[in-house]
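First comes the structure, then the notes that go with it.
The values are calculated or read from the model by the stated rules, or taken from the named source; none is laboratory data. A quick note: this is a predicted structure, and the numbers were derived from the prediction, not measured. We place every Cβ from the backbone using ideal geometry, glycine too, and count neighbours over all the protein chains shown.
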Amino acid sequence: MTRETIQKLLDMGESFTIEYKKNKNRLSSDVYETVCSFGNRYGGHILLGVTEVERDGRRVGNVTGVDKNEVYNMRRDFINNLNNPNMFRPSLYLELEEFDYDGKTVLWTYVPPTSSLCFFNKKVFDRNGDADQDITDKTDRIAEMISRKSSEYREQMILPYANETHLKLELMNHVRDLAKENNRERHPWLDMDDMEILRSAGLYTENISTGEKGFNLAAILLFGKPEVIKSVVPGYMTDAIYRVENIDRYDDRDIVDVNLIEAYDRLMSFCLKHMDNRHVLEDDISIDARVRIAREVVSNILIHRDYTNAFPAKLIIDREALHTENWSKARFTGRLTMESFSPYPKNPLLASFFVNIGRADTLGSGMRNLYKYTRLYSHAEPILTEGDVFKIWIPLNRDANINANGGNRDVNVGKNGVNDDANTQENDLKLSDRILEIMDDNNRITQTELANELKVSKRTIQRMTDTLKKQGKLERVGGTRGYWIVKRM
């Protein structure tokens, strides 16, 4: 979230998907009613510390601010109440983000649409214009809502013959440990038995329009035994391939067909095994950037997949990049950017469960993290492409981060993500000079030939030539069949 985005939300006024709340020092119950109604309808933005006023003939948001001394308590209460099964079902893992707006504090959250009916205090709320309506007693409205969600979100499809013997419930203690590690406050799941957790997470549900109840597809995907998953989703698998030396086949492979909790561990291990170990300094703290990247990539391929399609998901690591493919329920086709990205949950139950156990972040944060850590790790940007097949491309730039002895080195990154390592700058200067020398002798050399001669990756050559062009030291004339012009400064 940026100031520009906040300003747009203020300028638009309250609507189907935007709600302002004045709450200065505590969260009122109508905040949670809006969370519930947004979840049941199309999702939406909630801004705390804002009121609606008329300005120039339009209704817009006016920032009044929340008490900065109460921000911690408000954020804590928000998380705890949304995860309290006595208040919300299914439990929702959302966070309030804090922003300074001209010296006043604003709290913001985005509520994604839920895949199953959302209850607050055992009531159902729906969004109607800019208002929240209690429709608990309106069976026709609830039936329409359930029908819409069931056609859009297959993860909440109830499997009437599934029972506890079909699940690996021995994983529940591992889930509790992960939830405990991921939360500063005591997580509500620590005080629940297995079935209470499954109900709280929306994995055991009841269709109140038909009376049907039981475990749903999300429960089977998260906890199911392999043979059970295959019987429900025959095409389910993730093909993890490492292909560097043997480019015709592969050097290593893992066909992952276990439940999502175990699949995450296997795919993370596969990524960390085959990615260079590059530590970066983030706010003066050393972190393993490949862990942060792999976490976002693996969680994305597992929780944002359309499991009703038999298209096999792929995770491939080669010399150039880490890239993935999985079938998706696309809202548009094309490349995603931070400027154009609008978060939309493909499987809200799976996403919420992964957020609770620290294997994903709140909706929209994952993409920001992927951009941030890819820039630190590879000095390049990821490419995410939406379509029937969703694709992620993470450039690895292996050659750019290997020291003279052939080993891995630490990359020193400041608070703004700028590479402060003098060695990298010196190596880039040497490589730039060598590229210009070679092009002076042979102005028709290709980037592939340059990469082979200098023993670096083609992406490194592309990065360096792009930099030289921006610096005015190099020009390309005539396209692919043209030639290089080296410009002496």
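Criterion first (assigned by TED's automatic domain parsing to the domain that holds Trp327, hydrophobic (A, V, I, L, M, F, W, C) and surrounded by fewer than 18 Cβ atoms within 10 Å (Cβ to Cβ)) does Val355 satisfy it? Outline the logic, then answer.
Numbers: assigned by TED's automatic domain parsing to the domain that holds Trp327: yes; hydrophobic (A, V, I, L, M, F, W, C): yes; surrounded by fewer than 18 Cβ atoms within 10 Å (Cβ to Cβ): no.
In short, no.
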* Any strands (runs of 3 or more DSSP E) falling wholly within segment 213-276 and containing at least 1 residues that are surrounded by fewer than 22 Cβ atoms within 10 Å (Cβ to Cβ), at pLDDT 95 or above and at positive phi -> none
* To do: Answer yes if at least one residue in segment 279-295 is over 19 Å from the mean Cα position of the chain (by Cα), over 25 Å from His166 (Cβ atoms), at pLDDT 95 or above and surrounded by fewer than 20 Cβ atoms within 10 Å (Cβ to Cβ), and no otherwise.
  => no
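The rows are residues; the columns are (1) farther than 22 Å from Ser116 by Cα; (2) in contact with a His (Cβ under 8 Å, 6 or more places away or on another chain).
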| site | (1), (2) |
| --- | --- |
| Ile135 | no, no |
| Arg141 | no, no |
| Arg154 | no, no |
| Arg199 | no, no |
| Gly202 | no, no |
| Asn216 | no, no |
| Ile220 | no, yes |
| Pro234 | yes, no |
* Restricting attention to segment 303-333, which residues are surrounded by fewer than 20 Cβ atoms within 10 Å (Cβ to Cβ) and within 24 Å of Asn356 (Cα to Cα)? -> His304, Asp306, Ser328, Lys329
* Based on what the data block shows, is Leu9 aliphatic (A, V, I, L, M) and under 30 Å from Ile197 (Cα atoms)? -> no
* Structure fact -> Restricting segment 361-402 to residues that are modelled with pLDDT of 85 or more and of a type in the set (Lys, Arg), the one farthest from Ala321 (Cα to Cα) turns out to be Lys372
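What residue, among those in segment 447-464 that are outside any helix (DSSP H, G or I) and of a type outside the set (Val, Ile, Thr), is modelled with the lowest pLDDT? Talk me through it step by step, then tell me what you get.
If we filter segment 447-464 for residues that are outside any helix (DSSP H, G or I), which is where we start, we get 455-457.
Adding the requirement that they be of a type outside the set (Val, Ile, Thr) leaves 455, 457.
On the way: Lys455: 76, Ser457: 73.
Checked segment 447-464; the qualifying residue modelled with the lowest pLDDT is Ser457.
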* Could you grab me the full set of residues in segment 33-61 that are in contact (Cβ under 8 Å) with a residue 24 or more places away in the chain and closer than 20 Å to Arg3 by Cα? => Gly44, His45, Ile46, Leu47, Leu48, Gly49, Val50, Thr51, Glu52, Arg59, Val60, Gly61
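Can you tell me which residue in segment 89-120 is nearest to Ser37 (Cα to Cα), limited to those that are free of Cβ contacts under 8 Å to residues at least 40 places away in the same chain and in a strand (DSSP E or B)?
Per the stated criteria, the residue is Glu98.
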* To do: Might you let me know whether segment 49-60 holds any residue that is over 24 Å from Asp102 (Cα atoms) and either in the same structural domain as Leu107 (by TED's automatic domain parsing) or modelled with pLDDT of 90 or more (or both)?
  => no
* Only residues that are farther than 19 Å from Leu47 by Cβ and of a type outside the set (S, T, N, Q): list them for segment 77-98, please. => Pro85, Met87, Phe88, Arg89, Pro90, Tyr93
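Would you point out which residue out of Leu27, Leu10 is of a type in the set (A, V, I, L, M) and in a loop (DSSP other than H, G, I, E, B)?
Details: Leu10 fails: in a loop (DSSP other than H, G, I, E, B).
Sole residue among the options that is of a type in the set (A, V, I, L, M) and in a loop (DSSP other than H, G, I, E, B): Leu27.
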* To do: Could you grab the pairs with beta carbons closer than 6 Å, sequence gap of 6+ or different chains, first residue in segment 264-285 and in the same structural domain as Arg305 (by TED's automatic domain parsing), second one of a type in the set (Phe, Trp, Tyr)?
  => His274/Tyr242; Arg278/Tyr377
* Whichever residue in segment 84-118 is closer than 24 Å to Glu212 by Cα and within 18 Å of the chain's Cα centre (by Cα) and, among such residues, is surrounded by the fewest Cβ atoms within 10 Å (Cβ to Cβ) -> Pro113
* All but one of (1) touching a residue at least 60 places away in the same chain (Cβ under 8 Å); (2) surrounded by 15 or more Cβ atoms within 10 Å (Cβ to Cβ) hold for Lys123; which doesn't? -> (2)
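Under the condition of being among the charged types (D, E, K, R) and in contact (Cβ under 8 Å) with a residue 60 or more places away in the chain, which residue from segment 192-241 is farthest from Ile316 (Cα to Cα)?
Of segment 192-241, the ones among the charged types (D, E, K, R) are 193-194, 196, 199, 206, 212-213, 225, 227, 230, 239.
Within this subset, residues satisfying the condition of being in contact (Cβ under 8 Å) with a residue 60 or more places away in the chain are 196, 199, 239.
Numbers: Glu196: 38, Arg199: 36, Asp239: 8 Å.
The selected residue is Glu196.
Quick one: is Tyr264 of a type in the set (Phe, Trp, Tyr) and more than 17 Å from His323 (Cβ to Cβ)? Give the derivation first.
Details: of a type in the set (Phe, Trp, Tyr): yes; more than 17 Å from His323 (Cβ to Cβ): yes.
For Tyr264, the condition - of a type in the set (Phe, Trp, Tyr) and more than 17 Å from His323 (Cβ to Cβ) - is met.
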* Structure fact -> Of the residues in segment 130-178 that are under 29 Å from the mean Cα position of the chain (by Cα) and outside any helix (DSSP H, G or I), the one that is farthest from Glu227 (Cα to Cα) is Asp130
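Is it the case that Asn182 is in contact (Cβ under 8 Å) with a residue 60 or more places away in the chain and over 13 Å from Ser116 (Cα atoms)? Explain how you work it out, then say what you get.
On the way: in contact (Cβ under 8 Å) with a residue 60 or more places away in the chain: yes; over 13 Å from Ser116 (Cα atoms): yes.
Here the answer is yes, as Asn182 does meet what is asked.
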* **So Asn86, is it without any contact (Cβ under 8 Å) to a residue 12 or more places away in the chain, within 30 Å of Ala179 (Cα to Cα) and assigned to a loop (DSSP other than H, G, I, E, B)** => yes
